[in-house]
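Heads up, the thing below is written out as structure tokens.
The values are calculated or read from the model by the stated rules, or taken from the named source; none is laboratory data. Keep in mind that what you see is a predicted model, and the values were worked out from it rather than measured. Cβ: placed from backbone, ideal geometry, glycine included. Neighbour counts: every protein chain shown. Heavy atoms of the whole protein, side chains included, go into the accessibility calculation; ligands, DNA and RNA do not. Shrake-Rupley method; radii C 1.70, N 1.55, O 1.52, S 1.80 Å.
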Amino acid sequence: MEKAAAGRAETEAKLVTLVSDLRSKDLIAKNTSVQDLVHCTSGHLQPRLFPDQPMVSFMLQYFKRPRVIDTFVTMLQTCNQLVPSEFLINVDSPQEGQRWADLSWSTNGFVVPVMSYNLHELRGYNRLAGMARGKYLVLLQDDDVLEPADCSWLPRLVAQMEAMPQLAMVGLNKLQLSHGEGNELNAANFMDPYTSNHMIFAFQVDLAPIAIRRTAYRAVGGLDEGMSDPGECGIWSDWELSIRFWTAGWHVAYMPLVRKAAGDPSEPGGTHKPETGVRCWGRQQNLGSTVYMARWGAGWGTGPGKFLESLENYVRLMNLRTLRSQYPAGHCPFRKGCDLEGDPPLPERYRDYKHEVRPMVQA
């Protein structure tokens, strides 16, 4: 009771100071009361201030891997001790529903299973993102677990995204700095001078794991479900989302924070099984790449074009202008050079971008 009374007195004192300050600056009428201000400011609530809100929503795409379930729950409960979190799972094999329901009960709601029916990656992640409460989403796949197991990487990830409000997505798996070779894919080449984290702005990053700012994900429409059939892999969708974030004014980066390990070494990844590999690396790759190149490349049946080359340069300049270089003097990690201005032409040996255009419609 005494602590509650002291807290109330402190809050009342802050309100008196605030109202006095507003009146002295003629920002409110002299006869405006505290209750008037309460009425005026209560038209919109800030959900982040609700009790028990997670900062991070871990989102797992799951299908018939019962031996990894306990590993994931233990790993992410450790993360929850460091950063308030929740664990959402798109359960594409609902016949396992009882086990997931029991886990939700035994973890006091930390585990949030969503029963689906073979939606798979794109639709599954979008469904989970619609339910997530965390400010940041961390997308996971059921054939990988993350190391270090103490989750020491998570506070650093959150700190980086908090420090950069335009940072929409952070890859934790792989990155690209262009279409084609010639750039050094090494995050150790750069450091954020404010957080001291090694990071690099990336042209594209790969699923998964991958971290995304929830507001940014929703603002650009999430993963493009038109790039994949239900029940199939979402190949090319991570690259497409990366370009869409950049185009919408957000930023994409890569951070070398985690290592991936097989969740169940006896079980191959879903896209590497004989019954699914051909569909993913064959038909789905063709479908995803066709959509990607039609939208961001030089048009139908072509490849990367001038737009993507200009974006490669934009990302290069972001790194050079924003981050602190860690590479040796006299060395440059970019194939377009390290000048801080302009868009230099690529060296002749790199012919990754097509400059003829085949638009979807001639008009």
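Points worth noting:
- Number of the exception - Val205 against (1) modelled with pLDDT of 95 or more; (2) of a type outside the set (Phe, Trp, Tyr); (3) in contact with a His (Cβ under 6 Å, 6 or more places away or on another chain): (3)
- Members of the range 168-196 that are crowded, with 24+ Cβ neighbours inside 10 Å, small (Gly, Ala, Ser) and in a loop (DSSP other than H, G, I, E, B): Ser178
- Members of the range 255-294 that are open to solvent by 80 Å² or more (accessible area, probe 1.4 Å) and at pLDDT 60 or above: Arg259, Lys260, Val278, Arg279, Trp281, Arg283, Asn286
- Matching residues in the range 129-161 - criterion: being among the acidic types (Asp, Glu) and either touching a Lys or Arg at 6+ places or on another chain (Cβ under 9 Å) or buried (at least 22 other Cβ atoms within 10 Å of the Cβ) (or both): Asp142, Asp143, Asp144, Glu147
- Search result, residues across the range 89-103 that are in contact with a helix residue (DSSP H, G or I) (Cβ under 7 Å, 6 or more places away or on another chain) and either within 24 Å of Asp238 (Cβ to Cβ) or free of Cβ contacts under 8 Å to residues at least 12 places away in the same chain (or both): Ile89, Asn90, Val91, Asp92
- Residues of the range 63-94 that turn out to be basic (Lys, Arg) and either open to solvent by less than 60 Å² (accessible area, probe 1.4 Å) or under 19 Å from Pro230 (Cβ atoms) (or both), as a count: 2
- Against the list (1) farther than 25 Å from Tyr194 by Cβ; (2) surrounded by fewer than 19 Cβ atoms within 10 Å (Cβ to Cβ); (3) free of Cβ contacts under 8 Å to residues at least 60 places away in the same chain, the condition Gly303 fails is (3).
- Checking the stated criteria, Gly130 turns out to be closer than 26 Å to Ala159 by Cα, free of Cβ contacts under 8 Å to residues at least 12 places away in the same chain and in contact with a helix residue (DSSP H, G or I) (Cβ under 9 Å, 6 or more places away or on another chain).
- Residue match in the range 40-53 (condition: over 26 Å from Pro209 (Cβ atoms), touching a Leu at 6+ places or on another chain (Cβ under 9 Å) and surrounded by fewer than 20 Cβ atoms within 10 Å (Cβ to Cβ)): no
Every residue, every condition in (1) in a loop (DSSP other than H, G, I, E, B); (2) out of contact with any strand residue (DSSP E or B) (no Cβ under 6 Å at 6 or more places or on another chain); (3) open to solvent by 60 Å² or more (accessible area, probe 1.4 Å), yes or no:
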| position | (1), (2), (3) |
| --- | --- |
| Ala9 | no, yes, no |
| Ala13 | no, yes, no |
| Arg23 | no, yes, yes |
| Asp26 | yes, yes, yes |
| Gln35 | no, yes, yes |
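- Scanning the range 149-163 for residues that are out of contact with any Leu (no Cβ under 9 Å at 6 or more places or on another chain) and outside any helix (DSSP H, G or I) yields a single hit, Ala149.
- Search result, residues across the range 295-335 that are assigned to a loop (DSSP other than H, G, I, E, B), within 27 Å of the chain's Cα centre (by Cα) and modelled with pLDDT of 95 or more: Leu323, Gln326, Tyr327, Pro333, Phe334, Arg335
- Only one entry of Ser106, Ser116, Ser85 meets the criterion of being closer than 26 Å to Ile235 by Cα and hydroxyl-bearing (Ser, Thr, Tyr), and that entry is Ser116.
- Among the candidates Thr74, Thr17, Thr41, residue that is under 38 Å from the mean Cα position of the chain (by Cα), farther than 25 Å from Asp150 by Cα and polar (S, T, N, Q): Thr41
- Taken over the range 197-253, residues that are open to solvent by less than 30 Å² (accessible area, probe 1.4 Å), out of contact with any helix residue (DSSP H, G or I) (no Cβ under 9 Å at 6 or more places or on another chain) and under 24 Å from Phe334 (Cβ atoms) amount to 2.
- Scanning the range 109-127 for residues that are over 17 Å from the mean Cα position of the chain (by Cα), open to solvent by 30 Å² or more (accessible area, probe 1.4 Å) and in contact (Cβ under 8 Å) with a residue 24 or more places away in the chain turns up Val112, Pro113, Met115, Tyr117, Asn118, Leu119, His120.
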